[in-house]
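In what follows, a single structure is set out as structure tokens and then discussed.
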Amino acid sequence: MSRRELLVLTLLTVFFIGLFFARGAKDAAVSATGIGAAVQSDAEEIPDGAGLLAEDTSNETDVEEDVFASTGFSYAHDMPEGDPVQFHEVWGYVLADRVSEFKPDLPITDLVYFSADLDCYGEFESIPKRSTIPADFKGRVHLSTTCSSRSLTHFVLDPQFGVNRKVVDALVKAMNTNGYDGINVDFELIPKRDAKHFHSFIRDLRKKMGQEKWLTIAVPARTKTLQNDAFDYETLAPMVDRIFIMAYDEHWSTSNPGAVASMDWCEKIADYAKTVIPKKKLVMGLPFYGRSWQDENYGKAWYFSGINRVLGEKKISNVQRENGVPYVSFKTEVNVTGYFDDTYSLVQRCRMYADKGINRIGFWRVGQEDESFWQWLEIN
């Protein structure tokens with residue numbers, strides 16, 4: 001190497017060493033991301049002032065995220081203003097296999113223990129025991145009974161099969177043996193032609209239970225009277241002590257996205273219910289749960305033409321075979337829409353019902369709620 005080349009090399013070395021120390025911490029951060037990132041950083045110069053603006057925005061985001069983290073919520077969790085809402089009765093469903101989610105000091109007057117479910121023979125495989133409810137809960141406890149299909153419900157209700165009386169006897173025995181305060185009937189899949197059989201079943205159950213125990217029934221939401229409706233509010237009201245209106249599932253898993261229970265819809269249900277159910281027997285049900293929908297669902301059975309179309313749209317040609325059977329794996333993006341209730345919306349709905357003179361509400365179900373809600377509810 002000539003003396004001239006050696007001089008040039010020495011000058012370049014000194015230059016780059018000086019450049020390195022002049023950039024300081026910035027170069028240290030860049031070097032941590034790798035050489036490729038450093039080259040990109042050198043190529044993308046930030047105009048004067050832009051760096052300060054970007055830094056300020058980042059700091060604001062960090063502060064906002066810190067605020068959410070400190071409250072325990074992942075979003076701007078608005079809270080109501082004013083006083084707690086008061087009701088005479090508050091009902092809450094509790095799952096037998098999730099009783100640990102229930103706290104006995106909650107402002108609940110009536111606990112519905114879910115559930116004694118009928119099997120394909122019209123028999124109860126298992127019945128929740130009241131003794132598994134915390135002993136320091138001082139409210140009433142009702143045994144809920146369910147029937148999980150239309151065909152099974154028909155089998156249980158139609159007297160030609162001789163099952164209805166056996167179910168009535170079994171329910172009353174379970175209520176008395178376990179010390180329940182009443183029975184809650186939650187048959188939601190009643191065929192239209194079994195409406196009269198259902199009403200006879202409720203009358204028989206009422207007679208067998210006697211007047212000291214409470215008979216309650218859960219019914220779907222209605223905004224008007226329907227023809228041949230097994231859940232006709234006016235027909236059922238004289239037979240039972242309370243009617244729990246399930247004012248939720250306005251939108252469901254296979255519907256278009258929307259609120260589980262929008263305020264306007266709930267208001268229409270309450271306005272109608274007040275005209276056909278005595279005030280003392282009306283319990284308006286509220287949801288603690290939410291639902292989400294996605295615009296594309298790939299977890300399902302496919303026509304060949306369908307999977308072939310998807311592969312074409314996604315430009316996927318890397319199909320492999322496992323013992324001759326083609327299979328594919330790919331990542332994709334879906335849009336998710338979700339609706340849920342928090343303390344703010346629950347209190348708003350409660351106040352709407354209270355303003356209408358409704359003094360009994362209930363919830364499906366305890367354990368799903370925004371826990372900060374309970375401080376806004378009082379028993380009067």
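Assorted remarks:
- Hits in the stretch 213-239 - residues which are closer than 18 Å to residue 358 by Cα, touching a strand residue (DSSP E or B) at 6+ places or on another chain (Cβ under 9 Å) and in a loop (DSSP other than H, G, I, E, B): 221, 222
- Residues of the stretch 142-156 satisfying the condition of being open to solvent by less than 40 Å² (accessible area, probe 1.4 Å) and in contact with a Gly (Cβ under 8 Å, 6 or more places away or on another chain): 142, 143, 152, 156
- Looking at the stretch 293-380, the strands (runs of 3 or more DSSP E) lying wholly inside it that each contain 2 or more residues that are open to solvent by less than 90 Å² (accessible area, probe 1.4 Å), among the aromatic types (Phe, Trp, Tyr) and out of contact with any Lys or Arg (no Cβ under 6 Å at 6 or more places or on another chain) sit at 360-364.
- Filter result (open to solvent by 30 Å² or more (accessible area, probe 1.4 Å), among the charged types (D, E, K, R) and under 25 Å from the mean Cα position of the chain (by Cα)) within the stretch 101-137: 101, 103, 105, 117
- Test: residue in the stretch 241-251 that is out of contact with any strand residue (DSSP E or B) (no Cβ under 7 Å at 6 or more places or on another chain), in a helix (DSSP H, G or I) and free of Cβ contacts under 8 Å to residues at least 60 places away in the same chain: no
- Residues of the stretch 74-88 that are under 23 Å from the mean Cα position of the chain (by Cα) and either surrounded by 18 or more Cβ atoms within 10 Å (Cβ to Cβ) or in contact (Cβ under 8 Å) with a residue 24 or more places away in the chain (or both): 77, 78, 79, 80, 85.
- Test: residue in the stretch 192-202 that is among the basic types (Lys, Arg), out of contact with any helix residue (DSSP H, G or I) (no Cβ under 9 Å at 6 or more places or on another chain) and modelled with pLDDT under 95: yes
- Qualifying position, being open to solvent by 50 Å² or more (accessible area, probe 1.4 Å), assigned to a helix (DSSP H, G or I) and free of Cβ contacts under 8 Å to residues at least 12 places away in the same chain, among 271, 264: 264
- Some residue of the stretch 85-96 being in contact with a strand residue (DSSP E or B) (Cβ under 9 Å, 6 or more places away or on another chain) and more than 26 Å from residue 213 (Cβ to Cβ): yes
- Residue count for the stretch 196-225 under the criterion of being open to solvent by 10 Å² or more (accessible area, probe 1.4 Å), closer than 17 Å to residue 147 by Cα and among the small types (Gly, Ala, Ser): the result is 1.
- Residue list for the stretch 157-170, filter: open to solvent by less than 20 Å² (accessible area, probe 1.4 Å) and assigned to a helix (DSSP H, G or I): 157, 167, 168
- Residue pairs meeting the criteria (Cβ under 6 Å; at least 6 apart or on separate chains; first small (Gly, Ala, Ser), in the stretch 364-380; second open to solvent by 30 Å² or more (accessible area, probe 1.4 Å)): 367/98; 367/101
The values are calculated or read from the model by the stated rules, or taken from the named source; none is laboratory data. All of these numbers come straight from a predicted model, not from anything done at the bench. All Cβ positions, even for glycine, are placed from backbone atoms using ideal geometry, and neighbour counts span all protein chains on display. Just the protein is used for accessible areas: all its heavy atoms, side chains included, with ligands, DNA and RNA removed. Shrake-Rupley method; radii C 1.70, N 1.55, O 1.52, S 1.80 Å.
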